[in-house]
Amino acid sequence: MTLQFRPHHYLCALGFRGKGYSPSFVANFQEIVNRLRGPGGDQINIQTVPYTDSICAPCPNRQELSCLEQKKISMLDQAHFEALEINEGQQLTWGEAKQRIKDKIDLKVFHRICKGCNWKALGICETALNELRNETH
């Protein structure tokens, strides 16, 4: 089964640590992340979309294909489209997405493309990015 991710959700999935907007949102995101981090997770296909996705499904801020904070989310998505050099509709495996993040997003880029994100101040995405970039295999 192919997942759908908004561009900024590639990095969110990398950093997810069990926090979110509601219990159902957290449970859904945890299920997705468990699949990605589990056996064969790097082979899971993800289609890049510019609207609400597999992660957004139970979000209390979701309004059909958009978000209550759509302007901010669109800015995050556009910055991630550009930084990751991905296009709408493009499919990547989770392994390819992680490699792309590792190759294209250093801390300077991270701070620029995630500016305005409510979760950035927690430091979990920055930590996950540093861990990914420091992997030797």
- [ ] Counting helices only, and only those DSSP H runs with n ≥ 4, report the 222 nm mean residue ellipticity of the chain as the sum of -39,500 (n - 2.57) divided by its residues, in deg cm²/dmol to the nearest 500.
- [x] -14500 deg cm²/dmol
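Can you sort L68, L14 so the residue with the fewest Cβ neighbours within 10 Å comes first?
On the way: L68 12, L14 23.
Final ranking by Cβ density, sparse to dense: L68, L14.
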- [ ] Loop sites only, by DSSP: take the trypsin sites (Lys or Arg not before Pro) in the chain that have at most 16 other C-beta atoms within 10 Å and name the longest stretch containing none of them.
- [x] 20-114
Open item on the list: Relative to 2.2 N^0.38 Å, what does the C-alpha radius of gyration of the chain come to as a ratio? Two decimals please.
Closed with: 0.96
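Please report how many Lys pairs in the chain have alpha carbons closer than 14 angstrom, counting only residues at least 8 apart along the chain or sitting on separate chains.
On the way: K19/K120; K71/K115; K72/K115; K72/K120; K108/K120.
Lysine pairs satisfying the spacing and distance rule in the chain number 5.
Just in the range 35-137: which GluC sites (Glu not before Pro) are loop by DSSP and have at most 16 other Cβ atoms within 10 Å?
Working: sites: E64, E69, E82, E85, E88, E96, E126, E131, E135; in loops: E64, E69, E85, E88, E135.
Sparse-neighbourhood loop GluC sites (Glu not before Pro): E64, E69, E85, E88, E135.
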Open item on the list: Using a 7 Å offset from the Cα along the Cα-to-Cβ direction at both A57 and K108, what is the distance between the two label points in nm, to one decimal?
Closed with: 4.0
Open item on the list: Between the range 55-99 and the range 17-48, how far is it from one alpha carbon centroid to the other, in angstrom?
Closed with: 14
Task: Rough spin-label spacing in nm, given labels placed 7 Å along Cα→Cβ, for W119 and E131 - done: 1.4
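Computed from the coordinates by the stated procedures, all read-outs in this text should not be read as laboratory data. Here the structure is a predicted model, which means the values were calculated and not measured. With ideal geometry, Cβ positions are generated from the backbone for all residues, glycine too; neighbour counts draw on all protein chains shown.
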